[in-house]
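None of the figures in this text is laboratory data; all of them are computed from the coordinates on show. Bear in mind that the values here come from a model prediction, so they are computed numbers and not experimental data. Note that each Cβ is placed from the backbone with ideal geometry, even for glycine, and that neighbours are counted across all protein chains shown.
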Amino acid sequence: MAHIDTKNLGFDTKVIHAGGHHDPYGSATVPIYQTSTFAFDNAKQGADRFAGTTDGFIYTRLGNPTINALERQMAELEGGFAGIATSSGMGAVSTVYMALLDQGTHMVGTASVYGPSRLLAEKHLSRFGVESSWIDTTDLGHLRRAMRPTTRIVYTESVANPTMDVTDIRGAADIAHEHGALLVVDNTFCSPFLHRPFEFGADVILHSVTKFLNGHADVVGGIVVAKDEALYRKLRPMMTTLGCNMDPHQAYLVLRGLKTLSLRIERAQENAATIARWLEGRPQVEWVRYVGLPSHPQHDLARRQMSGFGAMIAFGLKGGLEAGRAVMDNVRLATLAVSLGGVETLIEHPASMTHAGMSREHREESGISDGLVRLSVGIESANDLIADLAQALGKI
């Protein structure tokens, strides 16, 4: 079969064909190369592969055909140089931090990012002389003031987890580059279907592929995509040294999930928009944060830098923590669980779950109130989801 150049084709075509899969036996899908090691034809071939003078696989921690197919596909979908698949989203975050931060350097991050992404820097890298500042990056003036001569990374999310804040990616990239730093964007909440940060000046993109990219709540994995070859050459060796490589079967499942990415997100974000508008009219609800609502403070920015508004909603309940517990204990169709981006609707309480490792002070500074509920909207019937939320809200 002839190679298809998918560079100028539509996104829906790319999620099926990008990456240029070619199997010697003609398999229509990427096979699972479930092997730890690869045999050499002779000693010279083995030596040449280790030296990097010839292409070929050596050992799955260093590379594997199934994993490599996912890396190529994600690089093309994001518009970057190359991808690096990892065993989890935090494996991707760890790879980026460890490769780009040295002793005595500094990073600036969005205060309300996914809890472990912040905790890794604050509680662990700080032991080795890496400093970090966590701020409201929606205020570019605040970001500019936070920069230091030692700043090497500005770290943000396409949509912040769980506050739904949206940072001006182009503005943040300009500030980072003026100070000799790199912009790293966690694009998990959007996926490349809704947002492509490289087009706005980002240098590194990462994902928890556990979420929308896989979409079926049956895989844990991550990926890093580097904008250029120089960054890739820094990041790839760090991942292989840390040993947080993806497993071939994980990669196969993500490749399978990717094929329906656009269909799933289109349906889920349609549901989310309907539910968000409905929540705004509920007497038990104090506020709703969904980037597709005109009431969202960065709604106009989101319209400019995203092609859709996604499926994630945060809302605050009158009655705070106890009200939140009442709702979560009484939903029947929505699943009370962490994670997001699957075909099923998930509901969780960040202050006691995903962001429990943050101090109350830091949570409040970041806008993560005790009453905040995070809803990852799935592809079920919107009417059924609304009926479920209505009966749960009625238990407050």
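A few notes on this one:
- The chain: relative contact order as a whole-number percent, Cα under 8 Å and 6+ apart: 16
- Helix 248-258 and the longest principal axis of the Cα set of the chain meet at an angle near 50°.
- Near W134, the amide H atoms lying under 5 Å from its own belong to G109; only residues 5 or more places off or on other chains count, and H is placed 1.01 Å from N.
- Extended-chain gain in nm, criterion 0.36 nm per residue less alpha-carbon gap, R304 and A28: 95.6 nm
- Residues of type lysines that K318 reaches as a straight line, Cα spacing below 22 Å, ignoring anything fewer than 8 places off in the same chain: K395
- Given R0 = 56 Å, the distance between the Cβ atoms of S352 and A230 translates into a calculated FRET efficiency of 0.85.
- Projected label distance in nm at D12 and R325, using a 7 Å step from Cα toward the beta-carbon: 4.7
- Helix 382-393 axis versus longest C-alpha principal axis of the chain: approximately 50°, rounded to the nearest ten.
- Take every Cα pair under 8 Å whose residues are at least 6 apart in sequence, average their separation, divide by the length of the stretch 293-348, and the relative contact order is 19 percent.
- What the pair-distance distribution of the stretch 143-300 shows, using all Cα-Cα distances binned every 5 Å from zero, is 2, 8, 14, 17, 18, 16, 11, 8, 4, 1, 0 percent.
- Against the chain, whose longest principal axis is taken from its Cα atoms, helix 65-78 shows a tilt of about 60°.
- Inter-label distance for D48 and D5, nm, one decimal - labels placed 7 Å from Cα along Cα-to-Cβ: 2.9
- Structure-based [θ]222 nm, the chain - -39500 (n - 2.57) summed over DSSP H runs of at least 4, per residue, nearest 500: -11000 deg cm²/dmol
- Here mean projected area of the Cα convex hull in nm² was calculated from the structure, and among [x] 19.9; [y] 18.2; [z] 21.8 it sits at label [x].
- In plain terms, the chain from T241 to T35 could stretch by 72.3 nm, reckoned as 0.36 nm per residue minus the Cα-Cα distance.
- By the rule of a C-alpha distance below 30 Å, with chain neighbours fewer than 8 residues away ignored, the lysines paired with K14 are K211, K227, K234, K259.
- Shape of the stretch 232-347, Cα gyration tensor, a/c cut at 1.5: prolate
- Segment R72-Q391, extension gain: residue separation times 0.36 nm, minus the distance between their alpha carbons: 110.3 nm
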